[in-house]
Amino acid sequence: MNTHTPLIEKFYTAFQQLDAATMNSCYSDEIVFFDPVFGLLKEEEAKCMWEMLCKNAKNFSLMYGNITTLDEEYSTCDWMAKYTFSATGKTVINKVKANMRFTDGKIIEHSDAFSVHQWSKQAFGVVGILLGWNTIFQNKIKNKAKKNLLQFMLAKG
């Protein structure tokens, strides 16, 4: 077990429990996050994204594993979330590869990689199957996610 494994386990165990506060306590104040839907988020944006996702999760379960140390700064792991996508009521199983960089005992960089096309096929059914590969459709998904995050942050004050 490397020195980062306990922090990764703390982060994903908290995610299993939809505990955004504990998840965010694993992050540096200068956190930089990236995923294919939300794009690049920094600091409070990234922390608010986890808050929003945890607060709005329906029928949620998560598994994680394959924690791998790349070097003294970087680790990866795999995680899979199953949940009901609120916009359509469809079940999504999202398989993700996480890459994390650590500094001073905290996560300073976190990127999640997954196929937006595979995700959209589940989230939107036939529409996602037909259009999920399309950049315009994917940009609509991304814009809606960013808009939802902004509204969440504004409502939070």
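Of all the listed residues (Ser75, Ser115, Ser111), the sole one being buried (at least 19 other Cβ atoms within 10 Å of the Cβ), within 20 Å of Phe33 (Cα to Cα) and either of a type outside the set (Asp, Glu) or touching a Ser or Thr at 6+ places or on another chain (Cβ under 9 Å) (or both) is Ser75.
Among the conditions (1) more than 19 Å from Ile8 (Cα to Cα); (2) within 16 Å of the chain's Cα centre (by Cα), Glu109 misses just one, which is (1). Please go through region 42-62 and pick out each residue that is surrounded by fewer than 14 Cβ atoms within 10 Å (Cβ to Cβ) and in contact (Cβ under 8 Å) with a residue 24 or more places away in the chain. Of everything in region 42-62, those that are surrounded by fewer than 14 Cβ atoms within 10 Å (Cβ to Cβ) and in contact (Cβ under 8 Å) with a residue 24 or more places away in the chain turn out to be Lys55, Asn56, Lys58, Asn59, Ser61.
Of all residues in region 105-118, count the ones that are assigned to a helix (DSSP H, G or I) and touching a helix residue (DSSP H, G or I) at 6+ places or on another chain (Cβ under 8 Å). Reasoning before the result, please.
Keep residues of region 105-118 that are assigned to a helix (DSSP H, G or I), which gives 116-118.
Next, only the ones that are touching a helix residue (DSSP H, G or I) at 6+ places or on another chain (Cβ under 8 Å) stay: 116-117.
Matching residues across region 105-118 total 2.
With respect to the conditions (1) at pLDDT below 95; (2) in contact with a Pro (Cβ under 8 Å, 6 or more places away or on another chain), Glu73 lacks only one, and its number is (2).
Does Ile129 satisfy the criteria of being without any contact (Cβ under 8 Å) to a residue 12 or more places away in the chain, part of a helix (DSSP H, G or I) and out of contact with any helix residue (DSSP H, G or I) (no Cβ under 6 Å at 6 or more places or on another chain)? For Ile129, the condition - without any contact (Cβ under 8 Å) to a residue 12 or more places away in the chain, part of a helix (DSSP H, G or I) and out of contact with any helix residue (DSSP H, G or I) (no Cβ under 6 Å at 6 or more places or on another chain) - is not met.
Tell me whether region 90-99 contains one or more residues that are out of contact with any helix residue (DSSP H, G or I) (no Cβ under 9 Å at 6 or more places or on another chain), over 24 Å from Ala21 (Cβ atoms), surrounded by fewer than 19 Cβ atoms within 10 Å (Cβ to Cβ) and not basic (Lys, Arg). First the steps, then the outcome.
Of the residues in region 90-99, the ones out of contact with any helix residue (DSSP H, G or I) (no Cβ under 9 Å at 6 or more places or on another chain) are 96-97, 99.
Among the residues that remain, those that are also over 24 Å from Ala21 (Cβ atoms) are: 97.
Now narrow it down to the ones that are surrounded by fewer than 19 Cβ atoms within 10 Å (Cβ to Cβ): 97.
Adding the requirement that they be not basic (Lys, Arg) leaves none.
The answer is no, given that none of the residues of region 90-99 is out of contact with any helix residue (DSSP H, G or I) (no Cβ under 9 Å at 6 or more places or on another chain), over 24 Å from Ala21 (Cβ atoms), surrounded by fewer than 19 Cβ atoms within 10 Å (Cβ to Cβ) and not basic (Lys, Arg).
Count of region 125-145 residues, restricted to those that are farther than 22 Å from Trp79 by Cβ and either of a type in the set (Val, Ile, Thr) or touching a Gly at 6+ places or on another chain (Cβ under 9 Å) (or both), is 6. Whether a residue is closer than 30 Å to Phe137 by Cβ, outside any helix (DSSP H, G or I) and either within 13 Å of the chain's Cα centre (by Cα) or among the aromatic types (Phe, Trp, Tyr) (or both) was assessed, and Leu53 does not pass this test.
The values are calculated or read from the model by the stated rules, or taken from the named source; none is laboratory data. It should be emphasised that the depicted structure is a prediction, and the values quoted were computed from it without experimental measurement. Neighbour counts run over all protein chains shown; Cβ positions are idealised from the backbone, glycine included.
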